[in-house]
Amino acid sequence: GYPVRDLYISDVNLFCPVGSDEFTSQPFSATWVNEWGKQSVDFESMSTDLASVPRALWAIVPPHRKIKRAAVFHDGLYQFRPYIAIPEGQGRITRGEADILLYVACLQEGLSPKDAERVYVAVRIGGSNTWHAHDKDFGV
């Protein structure tokens, strides 16, 4: 099985200013169980580009539909990672853990395992720059 189970992401409400590719989420929460036990995170309002899908491709891959909650959750994990503590002595969430959570969230949102794997592989290939772009925010 996967190292994550019982993932729950609350409803995610978004708004997008006219002409923008960025959405803003209202606060939401998520819980899951991993090897350290139950994890719970309350996310503040934040900017998100959903699954980094350019607006020109939204007709083909509409990120604001099927994988909206998964994508916003994943963006929150990347953006707020230093504040997402796992039990004492275990450190903070890693990029790999955040990406696995995206995969599990995609499955829960109804993506086929094949499509969820495509999303996972894409974020593993293309997510490093975004992950590290937030390093300066946290003094890394």
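Quick notes on this one:
- Test: Leu7 is in contact with a helix residue (DSSP H, G or I) (Cβ under 8 Å, 6 or more places away or on another chain), modelled with pLDDT of 90 or more, within 18 Å of Leu111 (Cα to Cα) and aliphatic (A, V, I, L, M): yes
- Hey, Arg69 open to solvent by 80 Å² or more (accessible area, probe 1.4 Å), out of contact with any Leu (no Cβ under 6 Å at 6 or more places or on another chain) and either modelled with pLDDT of 85 or more or within 23 Å of Leu14 (Cα to Cα) (or both) or not: no
- Of residues in the stretch 39-54 being surrounded by 15 or more Cβ atoms within 10 Å (Cβ to Cβ) and polar (S, T, N, Q), the one farthest from His74 (Cα to Cα): Gln39
- Taking the stretch 1-46 as the region of interest, the strands (runs of 3 or more DSSP E) fully inside it that hold 1 or more residues being touching a residue at least 12 places away in the same chain (Cβ under 8 Å) and of a type in the set (Gly, Ala, Ser) are 23-25, 28-34, 37-43.
- Scanning the stretch 19-38 for residues that are under 22 Å from Gly126 (Cβ atoms), at pLDDT below 80, under 14 Å from the mean Cα position of the chain (by Cα) and surrounded by 15 or more Cβ atoms within 10 Å (Cβ to Cβ) turns up nothing.
The values are calculated or read from the model by the stated rules, or taken from the named source; none is laboratory data. Since the structure is predicted, the reported quantities are computational estimates derived from the model, not experimental observations. Ideal geometry is used to build each Cβ from the backbone, glycine not excepted, and the neighbour counts take in all protein chains shown. To get the accessible areas, we keep the full protein, side chains included, count just its heavy atoms, and leave off ligands, DNA and RNA. Shrake-Rupley method; radii C 1.70, N 1.55, O 1.52, S 1.80 Å.
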